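Please treat every number below as a calculation from the coordinates, not as lab data. All values derive from a computational prediction rather than experimental measurement. For neighbour counting, all protein chains shown are included, and Cβ atoms are generated from backbone atoms with ideal geometry for every residue, glycine included.
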Amino acid sequence: MPPSISAFQAAYIGIEVLIALVSVPGNVLVIWAVKVNQALRDATFCFIVSLAVADVAVGALVIPLAILINIGPRTYFHTCLKVACPVLILTQSSILALLAIAVDRYLRVKIPLRLITRQCLGHQVPANAWAHCQCCLAGTFL
């Protein structure tokens with residue numbers, strides 16, 4: 001006989017299902033937009049697609065497994081391990097994709113600012129570096 005589900009567990013499962021139903025199509029749309037639009041094919045958007053793929057995996061695989069873990073059926077150790085490890089690995093991949101985007105954004109701002117500092121110290125900097133810096137700085141405020 002399956003264990004009874006409390007009201008708290010039912011609310012948790014409902015919220016998890018809602019998150020999965022919203023996140024999977026939303027991230028598929030992000031992947032599709034980058035695939036269709038040629039202007040979105042640079043390094044930053046590759047990181048965003050990587051995050052979207054990781055989030056699709058979280059929505060499609062991790063959330064059902066997390067619900068299964070929350071219900072708590074009695075299983076053997078190896079079965080439990082095979083259910084819990086993908087949850088941890090796929091969640092970690094999403095977190096690492098966020099970290100890659102943060103590092104990319106930091107470097108996109110830091111490197112042009114360093115070029116401006118060199119220009120102020122009397123070093124020669126190509127003319128397009130200033131325009132590149134302005135674009136990067138404007139992009140971070142959007």
Notebook entry, point to check: In whole Å, what is the distance between the alpha-carbon centres of the stretch 17-79 and the stretch 88-103?
Noted result: 12
Check: How long is the gain from I69 to A43 if the chain were fully straight, where each residue apart is worth 0.36 nm and the alpha carbon distance is subtracted?
Finding: 5.7 nm
Notebook entry, point to check: Hey, what's the Kirkwood Rh for the stretch 6-113 if you take every pair of different alpha carbons, in angstrom?
Noted result: 15.7
Notebook entry, point to check: Which FRET efficiency, nearest 0.05, do S6 and I111 yield, Cβ-Cβ r, R0 41 Å?
Noted result: 0.20
Next item on the list: Mind giving me the nanometre distance, one decimal, between the label points for L81 and I13, set 7 Å out from Cα along Cα→Cβ?
Entry: 2.8
Note to self: Can you compute the charge dipole magnitude of the stretch 6-113 about its Cα centre, using +1 on each Lys and Arg Cβ and -1 on each Asp and Glu Cβ, nothing else charged? Give it in debye, rounded to the nearest 20.
What the structure shows: 160
